[in-house]
Each structure stands twice: as structure tokens, then as C-alpha cells.
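The numbers here are math on the coordinates, done by the rules we state, and not lab data. This structure is a prediction, so every number in the text was calculated from the model and none was measured. All Cβ positions, even for glycine, are placed from backbone atoms using ideal geometry, and neighbour counts span all protein chains on display.
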Amino acid sequence: MPKSKRDKKISLTKTAKKGLESKQKLIEELRKCVDTYRNLFIFSVENMRNNKLKDIRTAWKHSRFFFGKNKVMIVALGKGQTDEYKDNLHKVSKYLRGEVGVLFTNKTKDEVQEYFSHFKEMDYARAGNQAQMDVTLEEGPLEQFPHSMEPQLRQLGLPTALKKGVVTLIKAYDVCKEGDVLTPEQARLLKLFAIEMAEFKVQIKCMWNSETGEFDSLTGEDEPVEEKEDEEDDDDAE
């Protein structure tokens, strides 16, 4: 009986080695950037969208961005004074928590803050986001939708019917109220009606200068509290 291709065994040693090599490469890349660029910034992202981050990377081709793999980045920069790669980098590592990234650039603090303070783009909210406003649909025809979509709209909770082949809302319907945590159905309806509620924006948290070794917190907040060691890393680095 021929052997099934699905029975192919995978060496866990090889996969572990590959993962270790990938982490080591990231550490080397980060340290190379520390040595190459004048300034390092930590930024946080609200309403993360990969396509928006890609737009920023395209506009800032002269710089380098790393996003994800916080634990590995902490190892690269240093967790404390005894193992930091350069003076005061351990202070930067304390900001590598949650949805944050690292920007290496030769641009000044003013240039960086000026750009990112103005980079805000709206997008469709996702399930779990908070509704930013009340949305009520008025009774009447919904001529933007083909008749074939009526069952789908009804499945999403809309009180619809076909009247002379036109999708019609037979009574007013509250899609969401301000402050609601959106369900998948609500998020889908908002997208179908082209209502954008999620604002993608970037906040610069802190900076470090390679020439002086100076660290500067830019948020006015208290120093971040260290999280537990078993916190999961993000999957998408750089």
C-alpha cells in the first residue's frame, strides 16, 4: 500500500531551529538599525489596519519599521541596565507592550510628531470596537441593494421585505447606539451602509537618540508597568 503524503513526519527539532534562527535574525536587524539610525521611536496604533501601516512604510522608505514580536525586540534592545545593547535602551523596552512598533529614522522628533499627529484615516469598525455614534435606518426603500441581498439583510437583523422587487425596510431600525460594543452583525451592517467609525491613528510614545543615548517619554504618562512573562507575541514582525 503506497504511503500517504499526509503521513510525512515533520522534525520538531528543525522547526524549533528555524524559529530560533528567525528570532536571531530579527535581533541582529534591530541592533544594526540601532547602530545605523540617529533616532528610535516607539509608537502605538489604534484600530490597527495592515494596509494603513503599509501606506506609512511606503511614505517613510528612508526609515525602518518593526511591528510585532515584542519579546524578541526586548531581548535585542535589553530588558535592564545590565543587558541593554546601548545606554538607556532598557527604558525603551518598557514601552514594548501591546500593539506597538519601533521606528528607526534620521528624521527629527519634530518631523516625526508632525507627520504622525496628522496621519489619521477612517475605516470600517470591526466586531468588538465601540460604536462612536447612534445609527438609525429610516423606514423605506433600500435601492442601493439588489433584490438578491434581501435574505442576507434580514439575516443580519433588518426588518426587510421585497416590494415590487425593491428591498424595503418596513420599519425604522437602530443599528447601534453610541458606546455599544459592536457585534459581528452590527459591524457588517455598518460596512454595508458605508458608515465608517474606526479611526486609524498612531501615537508616538517615546524616543531614544543614538548619538547622545538620551531617552525621552513623549506621552506625559507614568512609566509602563511590566506585564507577565507569558504574554503572547504578535505574529507579524517588520
Per DSSP, the loop-located trypsin sites (Lys or Arg not before Pro) within the range 44-100 having at most 14 other beta carbons within 10 Å are Lys61
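DSSP loop (so not H, G, I, E, B), at most 12 other Cβ within 10 Å: list which GluC sites (Glu not before Pro) in the range 111-205 pass both filters.
Glu138, Glu139, Glu143, Glu178
With the cut-off at 32 Å, tell me which of the pairs Lys25/Lys91; Lys23/Lys201; Lys71/Lys191; Lys71/Lys177; Lys91/Lys191 have Cα atoms farther apart than that. Spell out each step's value before the answer.
On the way: Lys25/Lys91 23 Å; Lys23/Lys201 28 Å; Lys71/Lys191 35 Å; Lys71/Lys177 38 Å; Lys91/Lys191 41 Å.
Check vs 32 Å cut-off fails for Lys71/Lys191; Lys71/Lys177; Lys91/Lys191.
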Under the Karplus relation with 6.51, -1.76 and 1.60 and θ = phi - 60°, whole-Hz ³J(HN,Hα) for the range 109-121, x at Gly and Pro, equal 4, 4, 5, 5, 5, 4, 5, 6, 5, 9, 8, 9, 9
Between Tyr85 and residues 5 or more places away or on another chain, the pairs with built amide H atoms under 5 Å apart involve Gly78
Residues whose built amide H sits under 5 Å from the amide H of Cys176, excluding neighbours closer than 5 in sequence, are Val135
